[in-house]
1. Along the charge dipole of the chain, pointing to its positive end and built from +1/-1 on Cβ of Lys, Arg, Asp and Glu, which listed residue (216, 43, 103) has its Cα farthest out?
2. Calculate how large, on average over all directions, the projected area of the Cα convex hull of the stretch 237-353 is; give the answer in nm² to one decimal.
3. Give me a comma-separated list of calculated 3J(HN,Hα) values for the stretch 228-233, in order, Karplus coefficients 6.51, -1.76, 1.60 applied at θ = phi - 60°, integers in Hz, x for any Gly or Pro.
4. Quote the Stokes-Einstein diffusion coefficient, in whole µm² s⁻¹, for the stretch 115-159, based on the Kirkwood radius over alpha carbon pairs, a temperature of 20 °C and a viscosity of 1.002 mPa s.
5. Count charges around residue 155 for me, please; just the other residues with Cβ under 11 Å from its Cβ, Lys/Arg as +1, Asp/Glu as -1.
6. If you roll a 1.4 Å probe over the stretch 244-284 with all protein chains in place, what percent of the accessible area is carbon or sulfur?
7. Please report the relative contact order for the chain, taking Cα pairs under 8 Å with a sequence separation of at least 6, and give it as a percent rounded to a whole number.
8. Rounded, prolate or oblate: which fits the stretch 25-175, taking a ≥ b ≥ c as square roots of the Cα gyration tensor eigenvalues, rounded meaning a/c under 1.5, else prolate when a/b beats b/c?
Amino acid sequence: MTVTPADTVLATRGLVDAHIHPDKTSWGAPWMSRRPAATLAELIENDRVSQFDFELSVEDRTFALLSNAVANGTLAMRAHVDVSPELGTANVEGVRAAAERLAPFLTLQIVAFPQFGLLTNPGALEVMEASLDVGADIVGGIDPGGIEGDLHGHLDAIFGLADRKSRDLDIHLHDGGEDGLAQIREIAARTIAGGRQGRVTIGHAFALCDTTLPSLGQTLDAVAEAGIWIATCALGPDPVPDIDLFERHGVRLVAGSDGVRDTWSPFGTASMLDRAHLLAYRTGALTDAELERAFTIASTNGGEMLGVSEIAEWAGPESGTRLEFAAENIAQLVVDRPAPLRVLRGGQEFSRG
């Protein structure tokens, strides 16, 4: 670890977790052994069968995880929360209750997420709509092609719901290859046609990370024209974006934790400084500017996407909303990733106690 003079304090803007699944976490609960899974379908099925096995409630597990996130400097978050006929709106209500216990330190948006299918799971759309009345903010979607098998039907359903409820959209899309890119271009076309520029996010978007695909440049241009945000989590073996290429095409990137200590993975801390470090590492960051860019993706960009002005338009080191670290500069901060000395929001200091 870099040696930092004892009296050196670096003040920064707050961090933003733009893609996390807090309702699935085992944080604060006994250790959970994971079942093997080699495919996305197997991971989802493992998740489905575990939903009712937790000893602690969604609210308590979520509160434990979110408290750790805030203590590590996350001041805003977009949470993808499962809704389905089996679960109803209970997970949304539990996550919202946990977030309210952390006010005013944490701004949290909830995505009503059809993890177990929408068209393929009768009744899911009705539960999604109901969830928007009890605490969810945003309409979610999942792999219209690879999971739902009906690109246009799935998009008709979620864009229609977003129109009826005047909500933004955030769509998981793991599908790769040219098919994944075609789905992304369709989402971009619908975003523009509906005047939703800047109000749609695609999570993962692995196809955009494959620089060998012939239509990648065309697709990145379509994403930029539509003002679509891309959320990356830089997890394990998952593809990561070529950040330079994204910037050249004008594509906006945010970062998130994804699942934290859930059935999908035993890893994660909900520290967005850890995530900035991982993103920098996996994309080959070397210079201070490249390390600082990873921090910006995990802070400023997320603040812009969520519309949190005190992060997106930070007033500087004297602001009442700031993080304080023992570090010389942002580059060192991303490499060493210490916990904050202090977390302040609106002049109030956060304390777990």
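1. 103
2. Averaged projected area of the stretch 237-353's Cα convex hull equals 8.7 nm².
3. 6, 7, 10, 9, 10, 10
4. 200 µm²/s
5. Local net charge: -3.
6. With neighbouring chains kept in place, the figure for the stretch 244-284 is 52 percent.
7. Value for the chain: 23 percent.
8. Verdict is oblate for the stretch 25-175.
The values are calculated or read from the model by the stated rules, or taken from the named source; none is laboratory data. Note that this is a predicted model, so its numbers are computed, not measured. Positions of Cβ are generated from backbone atoms using ideal geometry, with glycine treated the same way; all protein chains shown enter the neighbour counts. Side chains are part of the model used for accessible areas, which takes the heavy atoms of the whole protein and leaves out ligands, DNA and RNA. Shrake-Rupley method; radii C 1.70, N 1.55, O 1.52, S 1.80 Å.
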